[in-house]
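The values are calculated or read from the model by the stated rules, or taken from the named source; none is laboratory data. Quick caveat: nothing in here was measured; it's all calculated off a predicted structure. Here the Cβ is made from the backbone with ideal geometry for all residues, glycine too, and neighbour counts use every protein chain on show. Only protein heavy atoms, including side chains, enter the accessible area calculation; ligands, DNA and RNA are left aside. Shrake-Rupley method; radii C 1.70, N 1.55, O 1.52, S 1.80 Å.
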Amino acid sequence: MLGALLLFWGGLTLGCRGEKAFLRRADDSTGRCTYSFSVASPVEAACPDAGGVPELRAELASLAARLSRLENREWGMGGSGPRGKEAGDTWDPQQTASAARLEAAYSELLRANCGAGSPSTCRGCALLQWDGTPRRWRFEGQQCGVEPLMAVKAGAALSGAGSAPVHTAPGPAAASRWDPQPLAYQELQSERTEVPVSRLLEETALGRPGSEDSAGCGELVWVGEPIVFGRAESIAGKYGVWMKDPEPLPPFTRETTWRVDAVGTEVRQLFQYEAAEQLARGYPAKVHILPRPLESTGAVIYRGGFFFQPRRSRAVARYDLREEAVTAEREIPGAGYHGQYPYAWGGYTDIDLAVDETGLWVIYSTEKARGAIVLSKLNPETLEIQRTWETNIRKRGVANSFVICGTLYTVSSYSAPNATINFAYDTASGASRALSIPFENRFRYLSMVDYNPTERQLFAWDSFNMVTYPVRLSRA
């Protein structure tokens, strides 16, 4: 079938090289399309030697070229490639003939690969992959694992009216080397699963930076595994904060990355990187020296300003990144500081700043609130408090917190490997609720978590490591 993504999982009837292979297609009782291949003899002793890895690779490369020629002819005949016929167009005999030629070439590919199979590991399986460009195929060697894989992605598509895209599991990673094993006899049954387009969109579009849905708001429903972007090598970087500006001002961009190593009595250095990749290499483009030392890991970057808590104060300050000067500072009335109401891990995290789709927030507690989290919305230019909410979530009882779409979320533990997002407080309704969304502390010491509404990711600092977590929101 030209253009449909054919993915054949499981064992495969493999004979020796030179034996004639046969392709059979049939519908089973559940309506699934089943492909099977067979050869004349499964007896291993009857097979000649595989001929060595270089010969096998050369033969498979030749088959890749042959498939490319088939695709070239299909494009020449006006077949339904990526820019060809639309689904629902009538089918013609020429396309049927092209499909038959592709199946024949695929059968040859199976025979050529038979000498590399193994009943246990299937090392040396072949993958011919169409890379999205007309008339271009790519050959890769594969180490398939226990269940062999044989795949062909065709450049010209055949889609009947009303058919849905084929959703398939990803293939195994490419092997760094080939390791042929003795010949063996295996069998394969493959199946194609049709997935509604609406489900694919729901799974992939929500939470993707730059997608239409990412501009909307919703409730947090999933947090992915952490992705490491960099690591601090000195003891000053055991705790810290790193971030990007979701609404940067020139000359800074959304790729400009910022970092503060927060261990020390006089923390004044704000490191600037042109991109996260530069941060990973450890070479800052510039180092800003703050006029006042900061306290804790609660700082954020927003609209060209670095917002932080000056050391031993209940104030919040704005450092203008272009002017390189503090342009605003304001006390948070009654806020605890320097160890009065920190998060569970400590670190003088009494005052924590956050950014979401709606603006700038400060998270803290007061004597009046008896240690419960208080959440206030701030004007990002003047730092004036616009509105305040008092929650029933004890601040010392959670490891950290962040705000998404006006809702405060808390993390249950800073050191447990399998923590959870355990509470949510909705400022729109003034109600809190318990949650149990899995959250992984891979390096067992989480000292900072902040949300970036543009990238729709959580930025975190976990025991020297700067990581991100993808998130997914439900539809509002």
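Scanning residues 5 or more positions from Arg231 or on other chains, those with amide H under 5 Å from its amide H are Met466, with H placed 1.01 Å from N in the peptide plane. The amide H of Ala262, built 1.01 Å from its N in the peptide plane, has Tyr239, Gly240, Val241 as neighbours under 5 Å, considering only residues 5 or more places off or on other chains. Once the chain from Phe229 to Arg322 is taken as fully extended at 0.36 nm per residue, the excess over their C-alpha distance is 30.9 nm. Computing Rg and the Kirkwood Rh from the Cα coordinates of the stretch 434-476 gives a ratio, Rg/Rh, of 1.00. Here is the list for the stretch 328-427: trypsin sites (Lys or Arg not before Pro) lying in DSSP coil, each with at most 15 other C-beta atoms within 10 angstrom of its C-beta, are Lys368, Arg370.
Computed from backbone phi, the HN-Hα couplings of the stretch 434-450 come to 7, 10, 8, 8, x, 9, 9, 9, 5, 10, 6, 7, 8, 10, 7, 9, 9 Hz, rounded to whole numbers (Karplus: 6.51 cos²θ - 1.76 cosθ + 1.60, θ = phi - 60°; Gly and Pro given as x). For the stretch 248-257, the Karplus equation 6.51 cos²θ - 1.76 cosθ + 1.60, evaluated at θ = phi - 60°, returns couplings of x, 10, x, x, 7, 10, 5, 8, 4, 10 Hz by residue, with Gly and Pro reported as x.
Rounded to the nearest 20, the Cβ-based charge dipole of the stretch 215-473 about its Cα centre (Lys and Arg +1, Asp and Glu -1) stands at 540 debye.
Answer rounded, prolate or oblate for the stretch 215-473, using the Cα gyration tensor with square roots of eigenvalues a ≥ b ≥ c: rounded when a/c is under 1.5, else prolate when a/b is larger than b/c, else oblate. Kindly include the intermediate steps, with their values, before the conclusion.
Numbers: a/c = 1.34, a/b = 1.14, b/c = 1.17.
Rounded shape, in that the Cα axes give a/c under 1.5.
Order Phe252, Phe443 by their accessible area, 1.4 angstrom probe, all chains in place, largest first.
Details: Phe252 30, Phe443 70 Å².
I get Phe443, Phe252, largest accessible area first.
When nucleic acids and ligands are ignored and a 1.4 Å probe is applied, Thr454 ends up with an accessible area of around 40 Å². Here the 3J(HN,Hα) profile of the stretch 229-235, calculated from phi with Karplus coefficients 6.51, -1.76 and 1.60 at θ = phi - 60°, is 9, x, 9, 7, 8, 9, 4 Hz, Gly and Pro shown as x. Let me check I've understood the local charge: for Glu247, count other residues with C-beta under 15 angstrom from its C-beta, Lys and Arg +1, Asp and Glu -1. What total comes out? Combined, the nearby Lys, Arg, Asp and Glu give -2. Surface composition of the stretch 215-473: carbon and sulfur make up 47 percent of the accessible area, probe 1.4 Å.
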